[in-house]
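Structure, as structure tokens:
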Amino acid sequence: MGKASKRPRARPATPTADSGQAWLVCLAAWVVPGAGHLWLGRVRQGVIFLVTLPLMFAIGLWLDGRIFPFEPSEPLVALASLADIGIGTVYLVARAAGLGAGNVVAVTYEYGNSFLIVAGLLNALVVIDAYDVALGRK
């Protein structure tokens, strides 16, 4: 029918790190969003994550969102807390600074919560992606 496509073939994935180093990449990616990708030489992605994820978290705080405490007696609050923790050091700094008390009567409260939770969950996905890159799966 038509001519064959001239697309380059995908290279088989080659491991760039052993599993021990891959876990260190994961730890770095959790502690500082984007650090895992920077470590692996994916500078553009690493810088994008380094800027956007903490910015999302900061926007959540600015919108009067709440950093949820871990309360096992309230499962949804506990899950929101785990999601918040996903952003790493940014979460720890915000908690230490006393930020994220939330203002339930603020019109933007739920939007703020959404930004905080999504920033943490996105960073968790970034950590998983860094792990896959480190093992040569991507």
Test: residue in region 115-123 that is of a type outside the set (Phe, Trp, Tyr) and farther than 15 Å from Pro33 by Cα: no
Between a residue in region 81-108 that is more than 21 Å from Asn123 (Cα to Cα) and among the hydroxyl-bearing types (Ser, Thr, Tyr) and any residue that is buried (at least 21 other Cβ atoms within 10 Å of the Cβ) and at pLDDT 95 or above, which pairs come within a Cβ distance under 9 Å, given they are 6 or more apart or on different chains? Thr108/Gly65
Six or more apart or on different chains, Cβ under 7 Å: which pairs go from a residue in region 25-41 that's farther than 14 Å from Ile128 by Cβ to one that's assigned to a loop (DSSP other than H, G, I, E, B)? Could you list them? Val31/Gly88; Val32/Gly88
So if I check each of Leu99, Leu61, Leu125, Leu116, which one is at pLDDT 95 or above and in contact with a strand residue (DSSP E or B) (Cβ under 8 Å, 6 or more places away or on another chain)? Leu116
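Quick grid of which residues meet (1) aliphatic (A, V, I, L, M); (2) touching a Ser or Thr at 6+ places or on another chain (Cβ under 9 Å):
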| position | (1), (2) |
| --- | --- |
| Gly20 | no, no |
| Cys26 | no, no |
| Trp30 | no, yes |
| Gly34 | no, yes |
| Glu71 | no, yes |
| Leu76 | yes, no |
| Ser81 | no, no |
| Gly86 | no, no |
| Thr89 | no, no |
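This table checks each residue for (1) within 15 Å of the chain's Cα centre (by Cα); (2) closer than 21 Å to Leu116 by Cβ; (3) at pLDDT below 95.
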site	(1), (2), (3)
Thr14	no, no, yes
Arg42	no, no, no
Ile48	yes, yes, no
Thr52	yes, yes, no
Thr89	yes, yes, no
Given the options Tyr131, Tyr111, name the one that is more than 19 Å from Pro54 (Cβ to Cβ) and among the hydroxyl-bearing types (Ser, Thr, Tyr). Tyr131
Is at least one residue of region 92-99 in contact with a Gly (Cβ under 7 Å, 6 or more places away or on another chain), surrounded by 15 or more Cβ atoms within 10 Å (Cβ to Cβ) and under 13 Å from Ile59 (Cα atoms)? yes
Name the single residue, out of those in region 122-138 being surrounded by fewer than 22 Cβ atoms within 10 Å (Cβ to Cβ) and not hydrophobic (A, V, I, L, M, F, W, C), that is nearest to Ala80 (Cα to Cα). Asp129
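The values are calculated or read from the model by the stated rules, or taken from the named source; none is laboratory data. Source: prediction; values computed, not measured. Cβ: placed from backbone, ideal geometry, glycine included. Neighbour counts: every protein chain shown.
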